[in-house]
Amino acid sequence: MSTLTTSFLPSLEKENSVFVYTTRRGGHSKKSHSIVPVARLFGPSIFEASKLKVLFLGVDEKKHPAKLPRTYTLTHSDITCKLTLAVSQTINNSQLEGWYNRLQRDEVVAEWKKVKGKMSLHVYCHISGDHFLLDFVARLRYYIFCKELPVVLKAFVHGDGNLLKNYPELEEALVWVHFHSNIQEFNKVDCWGPLKEASSLSSTTTTNSSSSEFGDIQMENTSNSNLDLPQPCQGSCTCCFPSTRKI
């Protein structure tokens, strides 16, 4: 996935960053010097299985996620351009440690849920909050997360392929994407449809027309706004699992 924040090093061009920092000078004055962030928006995102590393931590592919908690933690390395997917019962916090990860916040985490007898996959993306850099590029981050989500879902499907092979009905489970932001426009939950379809979407069809300070960003909304987010039962029951959120 593309880097979602940027470094303050104007003299360096980060090849895997969303931004390339350039300098502009007005007239002939050497003092007229500014650093300008330029959005680097790539073409269609492509999932490459060879660049995915999968870690299974305390889970059993023979156990249905309605019986044993199952979460996904997906991170991206700008150095190796590889993805790391941890399949575990809770978030793999070791993937999220370090100042760089706390600055970027480009991880994607997800969990399987059974709500009132129906399975669904809930995906969580951090758009903005925590620090001002994320707020500054919130619109661009939202665009990139939407653009990259088909790749993310393909990583889940490929990395946990044996689970889906054992329980093919999970491919029909609805995908709910939770966008977390301190900006109301981007703080929402969208349904992306069944996992089988959502993971097959092209990155060029995952956004609607939107304008930002970085220029026009073309996006086409694929979410189904007619569906309501499923709510678990208030009391103890057997039709909802897990009873508490793992994320």
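The values are calculated or read from the model by the stated rules, or taken from the named source; none is laboratory data. Note that the coordinates shown come from a computational prediction; the quantities given were computed from them, not determined experimentally. Don't worry about glycine lacking a Cβ; one is built from the backbone with ideal geometry, like all the others, and counts go over all protein chains shown. We work out accessible area using only protein heavy atoms, side chains counted, and drop any ligands, DNA or RNA first. Shrake-Rupley method; radii C 1.70, N 1.55, O 1.52, S 1.80 Å.
Residues checked against (1) closer than 25 Å to Pro150 by Cα; (2) of a type in the set (Phe, Trp, Tyr); (3) at pLDDT below 85; (4) assigned to a loop (DSSP other than H, G, I, E, B):
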site	(1), (2), (3), (4)
Glu13	no, no, yes, yes
Asn16	yes, no, yes, yes
Gly27	no, no, yes, yes
Lys30	no, no, yes, yes
Ser34	no, no, yes, no
Thr80	yes, no, yes, yes
Ile91	yes, no, no, yes
Gln95	yes, no, no, no
Leu103	yes, no, yes, no
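Please count how many residues of segment 51-67 are at negative phi, in a loop (DSSP other than H, G, I, E, B) and open to solvent by 40 Å² or more (accessible area, probe 1.4 Å). Let's see the steps before the verdict.
As a first pass, look at segment 51-67 and keep what is at negative phi: 51-57, 59-67.
Those still in the list that are in a loop (DSSP other than H, G, I, E, B) too: 59-67.
Narrowing the set further to residues that are open to solvent by 40 Å² or more (accessible area, probe 1.4 Å) leaves 60-63, 67.
Residues meeting the conditions: 5.
Would you confirm, using the coordinates I've provided, whether Phe214 is closer than 21 Å to His126 by Cβ, in contact with a strand residue (DSSP E or B) (Cβ under 7 Å, 6 or more places away or on another chain), surrounded by 16 or more Cβ atoms within 10 Å (Cβ to Cβ) and at pLDDT below 60?
It is true that Phe214 is closer than 21 Å to His126 by Cβ, in contact with a strand residue (DSSP E or B) (Cβ under 7 Å, 6 or more places away or on another chain), surrounded by 16 or more Cβ atoms within 10 Å (Cβ to Cβ) and at pLDDT below 60.
From the list Ser94, Ser45, exactly one residue is polar (S, T, N, Q), surrounded by 15 or more Cβ atoms within 10 Å (Cβ to Cβ) and over 17 Å from Ala173 (Cβ atoms). Which is it? Spell out how you get there, then give the answer.
Working: Ser94 fails: surrounded by 15 or more Cβ atoms within 10 Å (Cβ to Cβ).
Checking each option against the conditions leaves just Ser45.
Considering only segment 114-143, how many residues are open to solvent by 30 Å² or more (accessible area, probe 1.4 Å), over 18 Å from the mean Cα position of the chain (by Cα) and in contact (Cβ under 8 Å) with a residue 12 or more places away in the chain?
Looking only at that region, the number is 6.
I need every pair where a residue in segment 73-94 that is under 13 Å from Ala110 (Cβ atoms) and free of Cβ contacts under 8 Å to residues at least 40 places away in the same chain has its Cβ under 7 Å from the Cβ of a residue that is part of a loop (DSSP other than H, G, I, E, B) and β-branched (Val, Ile, Thr), sequence separation at least 6 or different chains.
That search, which allows pairs on different chains as well, returns Thr73/Ile91; Ser88/Val59.
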